[in-house]
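One structure below.
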Amino acid sequence: MNTLAEALRWAFICGTAVLLVACITTATRKRSEGASWGTIIAHMENKWLSADKALFAIFTGYFGSRVAEHIGGSPPGTEECLTILFPLGVVAAVVATRLTVRRADRATWINLLALVAAPIALGAVTTGW
């Protein structure tokens, strides 16, 4: 289980780094095209990620780690949990936003899976057990 948890941690850290570089590149391109900061922020929230989705995914992942702790896992510190769960939240927010843009008819199910179910399960695996 430790090997799986470590592999998941590194996958989310690398995924978050790639996504943040892509977001910065998109913002730089928009700005060089003459877009205002408000337009850039609106574009990022609609097409890439929004802070509320990332924060929600982080909290649900933290909830999953606490549930795993109470079931019988090892209790991680809050600081350790949040540093592990931040990349999870960013990746979950980007996945939810991108899939919702493509499949607007299934937005509720996509958000439930990407922002609730997956972070709870991954939070339990990566920090709680």
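The values are calculated or read from the model by the stated rules, or taken from the named source; none is laboratory data. Remember, predicted model here, so these are calculated numbers, not experimental data. Every residue, glycine among them, receives a Cβ derived from its backbone with ideal geometry; neighbour counts consider all protein chains shown. When the accessible area is computed, the model is the full protein with side chains, heavy atoms only, and any ligands, DNA or RNA have been set aside. Shrake-Rupley method; radii C 1.70, N 1.55, O 1.52, S 1.80 Å.
Restricting Asn46, Asn2 to residues that are modelled with pLDDT under 85 and either more than 19 Å from the chain's Cα centre (by Cα) or within 30 Å of Glu80 (Cα to Cα) (or both) narrows the list to Asn2. Arg103 satisfies every condition listed in (1) open to solvent by 70 Å² or more (accessible area, probe 1.4 Å); (2) within 10 Å of Gly61 (Cβ to Cβ) except (2).
Pairs are defined by a Cβ separation below 7 Å, a sequence spacing of at least 6 or placement on different chains, a first member in region 89-107 that is closer than 17 Å to Pro119 by Cα and free of Cβ contacts under 8 Å to residues at least 40 places away in the same chain, and a second member that is open to solvent by 70 Å² or more (accessible area, probe 1.4 Å) and not basic (Lys, Arg); the pairs so defined are Gly89/Leu55.
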